[in-house]
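Have a look at the structure below before the remarks.
The values are calculated or read from the model by the stated rules, or taken from the named source; none is laboratory data. This is a predicted model, so every value here is computed, not measured. Counting neighbours? That spans all protein chains shown, and the Cβs are built from the backbone with ideal geometry, glycine included.
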Amino acid sequence: MTTIHAELTAGGESIVLLAGGTAAPADMAAAARLLATLTPLFTKSNPPGALVVPATWPAVVQLSAAFGAAWVPGPRLQAWILDQAAARQQPAEMRYTPPQGLVPFHWQADGAAMVAATGQALFTDEPGTGKTITAILGLVEHGRMSGFPDDGGPVIVVCPASVVDPWVEAWRTWAPHVRTVAWRGAPKARHTLAGTADVYVVSYDTARADVPPVAKASPLRKLGAAHLVIDECHLIKNPRTERSKSVHRLASIAAKKGGAVVALSGTPITHNPGDLWSALACLMPDAWPSKERWVARYCQSLSADYGEEILGLLPYREAEFRLTLLGQHRRVAKADVLTELPPKVYSVRTVDMPPKWRKVYDDFEAEMLAELPDGTELQVMDVMSKFGHLSRLASAAADVEVTYGPDVDQVTGLEKRHVSLTLKDPSWKVDALLEVLDERPGQPVVVFAPSRQLVTLAGEAAAKAGLRVGYIVGGQTMTERTATVTAFQGGELDVVCVTTGAGGVGLTLTAAKTVVFLQRPWSLVESIQAEDRCHRIGSEQHDCIEIVDIVARNTIDTRVRAVLRERAGQLADLVQDPRIVSQLLGGADLKAAS
């Protein structure tokens, strides 16, 4: 290929490519074919025959890799590349001074400098390393140069509902000069908040409601936010969900305004590297406009029984991909920076089910096993629902109600059977929990389970034993959750019972040395996130963080643990395969391991 000349447009928004030599049309056709393998979209423009791509750092990296020695940047583009490389490799030190008495850790200050240098950052620091403060300092430092909070647009922080109040408190603590409010309440009440703050903290569910596809009906859009923080950004990994689409709309607004976008997650990959694309597209929509193009360029995949499976990054493109994120991505490990954090110490307490409930469990499990088709793809929601029944039956006695219809099974043509379980005493797992609590008098303990019914049974039993108990569960107001966390951290509660869905991310519960799981969530990532509510900055006061799993012998408890450890994924990604479901039901060799 002949020389490909590239130059930055006068406004700095695009890179124009032109081929030199007499065979320019043929060379430009070849160049277009190469550009089709990159992630940025290209267009044809003036001068005639030119190809145009958005001016982004990832585009420059990919263009250089694709064209090699034929790639010749012009003077303006050369200067831009040098400036970008310098800012990304040697960002200026943070100059913002937090309020008296507050001193960020060095990695938080370094992260703030990253945000200030590029305006986009993906922080995947391990849970518990203080990413919230890093993001706040970064936006304030970025704003010190761009004029925030008086730059024509506020900040929107999108986060799980359980951490709206902690985010508001963190902003007010580390940047008290910035007006911060929680965007919540009834729709009319939310609308009255517009214009009252520089930072609006909103839950994912509220963002989904307030950033619909129709722009004129979007109160959050009307704020004209110039900057965006996406907390726990792995929650938008599926770009097809309405939750993800609402966040992408906000990111698009910030991109058009040239504002800062910061994405945070201690567990950014819950299944495979494809999970990263959605967050990357929010940071730089022009660089990563299509997940399919990103996967095609950077991911290794193969055709599996139930669709294409992404195995990992392409080895020969991994270095290129990392270079596209130069100065915009960082992962800090707790072991590297929080050297005084106590170790995690794991133990398992195995309990036996009473004979009556053992039979109920075994009968239900055998029925599921008998229903498995040979080699037929299973319905994920149906299997997960039945696994949930098994998990609850392995935990406590239950009132079982069976109804039929009105929906019909598409395979058998019969009315579908629906099972409803209401947990009740006795609970052999709760009995084991009471033993754990009795062995640790005066020590605060956090109790986790996905099932609200089970954590309620646990809390009621602990209260009857004379302990002060609090709850963090779905359906609570932010005020209730915040009050519970404050009371627990302040020594006013002995036990806090938490559903992993409501309190498995974002919260700080470092008063506890002991964490008890009555059930594990169906995801390794969610399990780690829950553990790290207690293993984070502030847990240095303990000599270790003790994590106790209470499991019922020879049940789904132990089999799910084995499958997730082996495959390092989420159960919902695995249960379409009847062979794996059979293993989980004790119908294969994993039975012996349990």
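What the table shows:
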{"item": "Flag if Met368 is closer than 20 Å to Lys416 by Cα, modelled with pLDDT under 85 and surrounded by 16 or more Cβ atoms within 10 Å (Cβ to Cβ)", "result": "yes"}
{"item": "Unmet requirement for Val575, which otherwise passes all of (1) in a loop (DSSP other than H, G, I, E, B); (2) at pLDDT 90 or above; (3) not charged (D, E, K, R)", "result": "(2)"}
{"item": "Filter result for the condition that a residue is part of a helix (DSSP H, G or I), within 21 Å of Thr267 (Cβ to Cβ) and either of a type outside the set (S, T, N, Q) or within 26 Å of the chain's Cα centre (by Cα) (or both), over Ala502, Ala458", "result": "Ala502"}
{"item": "Scan of region 394-417 for residues that are surrounded by fewer than 10 Cβ atoms within 10 Å (Cβ to Cβ) and either within 28 Å of Val551 (Cβ to Cβ) or at pLDDT 70 or above (or both), ordered by number", "result": "Asp399, Val402, Pro406, Asp407"}
{"item": "Residues satisfying the stated conditions in region 533-559, i.e. in a loop (DSSP other than H, G, I, E, B) and within 14 Å of Val445 (Cα to Cα)", "result": "Arg533, Cys534, His535, His542, Cys544"}
{"item": "Residue among Gly12, Gly111 that alone is at pLDDT 85 or above, under 27 Å from His227 (Cα atoms), small (Gly, Ala, Ser) and not assigned by TED's automatic domain parsing to the domain that holds Thr129", "result": "Gly12"}
{"item": "Qualifying positions in region 442-471 - in contact with a strand residue (DSSP E or B) (Cβ under 6 Å, 6 or more places away or on another chain), crowded, with 20+ Cβ neighbours inside 10 Å and among the small types (Gly, Ala, Ser)", "result": "Ala458, Gly459, Ala462, Gly470"}
{"item": "Residues (within 27 Å of Thr508 (Cβ to Cβ) and surrounded by fewer than 19 Cβ atoms within 10 Å (Cβ to Cβ)) located in region 170-207", "result": "Arg172, Thr173, Pro176, His177, Arg179, Val181, Gly185, Leu193, Asp205"}
{"item": "Output for region 96-114, where each listed residue is surrounded by fewer than 22 Cβ atoms within 10 Å (Cβ to Cβ), of a type outside the set (A, V, I, L, M) and more than 18 Å from His177 (Cβ to Cβ)", "result": "Phe105, His106, Trp107, Asp110"}
{"item": "Members of region 420-435 found to be exposed (fewer than 13 other Cβ atoms within 10 Å of the Cβ) and modelled with pLDDT under 90, listed by number", "result": "Ser420"}
{"item": "Selection status of Ser252, in contact (Cβ under 8 Å) with a residue 24 or more places away in the chain, at negative phi and among the polar types (S, T, N, Q)", "result": "yes"}
{"item": "Any chance Thr479 is surrounded by fewer than 22 Cβ atoms within 10 Å (Cβ to Cβ), in a helix (DSSP H, G or I) and touching a Phe, Trp or Tyr at 6+ places or on another chain (Cβ under 8 Å)", "result": "no"}
{"item": "Region 37-53 - residue that is within 17 Å of Pro285 (Cα to Cα) and in contact with a Phe, Trp or Tyr (Cβ under 9 Å, 6 or more places away or on another chain) and, of those, modelled with the lowest pLDDT", "result": "Pro40"}
{"item": "The lone exception for Arg88 - which of (1) crowded, with 19+ Cβ neighbours inside 10 Å; (2) at pLDDT 90 or above; (3) touching a Ser or Thr at 6+ places or on another chain (Cβ under 8 Å) it fails", "result": "(1)"}
{"item": "Tally, over region 220-246, of residues that are out of contact with any Lys or Arg (no Cβ under 9 Å at 6 or more places or on another chain) and either at positive phi or outside any helix (DSSP H, G or I) (or both)", "result": "8"}
{"item": "Qualifying residue in region 58-73 (condition: surrounded by 19 or more Cβ atoms within 10 Å (Cβ to Cβ) and in a loop (DSSP other than H, G, I, E, B))", "result": "no"}
{"item": "Extreme residue, surrounded by the fewest Cβ atoms within 10 Å (Cβ to Cβ), among residues of region 230-250 that are over 13 Å from the mean Cα position of the chain (by Cα) and polar (S, T, N, Q)", "result": "Thr241"}
{"item": "Verdict on Ile528 being surrounded by fewer than 23 Cβ atoms within 10 Å (Cβ to Cβ) and either among the basic types (Lys, Arg) or in a loop (DSSP other than H, G, I, E, B) (or both)", "result": "no"}
